[in-house]
Every structure is written in structure tokens, then in C-alpha cells.
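The values are calculated or read from the model by the stated rules, or taken from the named source; none is laboratory data. Not measured: the values here are computed from a predicted model. Neighbour counts run over all protein chains shown; Cβ positions are idealised from the backbone, glycine included.
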């Protein structure tokens, strides 16, 4: 299937969407897990442990300005596109571990959908909700980044000389994997609970 590529060289997001369409047009739309895996590889995020400045640089390389600012308690982030310029804003306070990365993936998913719609390849049905798809995408993307961490951690554990310490290291890697999976699934609910608690505190004071 031949697709127009005008402008994709100057717009990395557009180029990514063209590439996804060309690979999955026969079975459209792709599942969120498939889209998330392709996106994580494209963005170049190879670990769950990425500093905010590194995330900012990765986004800049893809034509997106990433900022961390103070936001209202129930607003974790937002995205906007204006005259070819794209920006994602995330709450500077990370209320839950890895919430910055989760929010980043969520906002990117919404941004991607707008491009897919413009290209005539919407992935969300009219009766569907983009917010739900974005949460599913963010969870899948975070699971993918965690899977990239595990081989590195297992290799580090295998290099431990003492047998008992090596077994302990393997156990810690497994515990991390379980914790990370739980975090990916439960993070939205945890953020909501913390936001509601903060709002109630402000009301009382």
C-alpha cells in the first residue's frame, strides 16, 4: 500500500504514523499493545528508569517539547499541537513512582490519534473513548519498558560470584518484575486516590 509522505521528514510523529499504517493497514486498527511496542522502540525508551531531562531530550528529538510544571491536583498532564508545533506538559510532582512516564505515554497516545484521524485511519471507534485507549496504551508501553529492564537485571544478577547472593539477586529481579507489573496496572487508580485525598485536604483547610 502506497501512502503519501509529504512532510513526514520534517514531522517525526507524522512519519511514525505513516509507518504504522503501512505495516498494519490490512488489519486496522492495531491493538494497543502492538502500537505501544512500536512506539516505545521508536521513541528509544529502553528502561523504566529514565530521568526527566532524558525524557525531555528524547521528546525533543521527535519534535515534541516536554515541560514539567505545577498543575491542579486532578490534572496529570495535557498535550497540544499548534501550527506544526507539538507540546506535552506534565505535572512536576510525581505523586506515584513512574507516573511521569505513564502520563507521557498517555499524552503521546492522544497526540498520535489526532494524526491518525487526519490521515483517515482513526483507531478509536465513534462510540469509543480516547481516554480509555490512552490509559491502555500507557500501561502497555510501561510493561514493555519493564520487559527491557529484566534481561539487564538478570545479567547483573548472574555475575554475582557468591551463590547465595546470586540467588538473592535473582529473587530481587523477580520481585521487581512483579512490582512493576502491579504498578503498571494499578497506577491510574493510585493517582486518582491521591488526587482525591489532596482535594479533600484543600477543602478542609
(request) Give the residues of the stretch 11-62 that are in contact (Cβ under 8 Å) with a residue 24 or more places away in the chain, more than 17 Å from residue 101 (Cβ to Cβ) and either outside any helix (DSSP H, G or I) or in contact with a strand residue (DSSP E or B) (Cβ under 9 Å, 6 or more places away or on another chain) (or both), sorted by residue number. (result) 11, 12, 13, 28, 29, 30
(request) Give the residues of the stretch 63-95 that are part of a loop (DSSP other than H, G, I, E, B), out of contact with any strand residue (DSSP E or B) (no Cβ under 9 Å at 6 or more places or on another chain) and under 20 Å from residue 114 (Cα atoms), sorted by residue number. (result) 83, 84
(message) Looking at the stretch 49-60, can you tell me whether even one residue there is modelled with pLDDT of 85 or more, within 21 Å of residue 130 (Cβ to Cβ) and surrounded by fewer than 18 Cβ atoms within 10 Å (Cβ to Cβ)?
(response) no
(request) Quick one: count up the residues across the stretch 110-157 that are part of a loop (DSSP other than H, G, I, E, B) and buried (at least 21 other Cβ atoms within 10 Å of the Cβ). (result) 1
(request) Looking for whichever is more than 25 Å from the chain's Cα centre (by Cα), more than 30 Å from residue 17 (Cα to Cα), in a helix (DSSP H, G or I) and modelled with pLDDT of 85 or more here; the options are 168, 203. Which one fits? (result) 168
(request) Output the residues belonging to the stretch 141-165 that are more than 25 Å from residue 37 (Cα to Cα) and modelled with pLDDT under 80. (result) none
(message) Give me the residue from the stretch 91-109 that is surrounded by fewer than 19 Cβ atoms within 10 Å (Cβ to Cβ) and either at pLDDT 95 or above or over 15 Å from the mean Cα position of the chain (by Cα) (or both) and, out of that set, farthest from residue 55 (Cα to Cα).
(response) 95
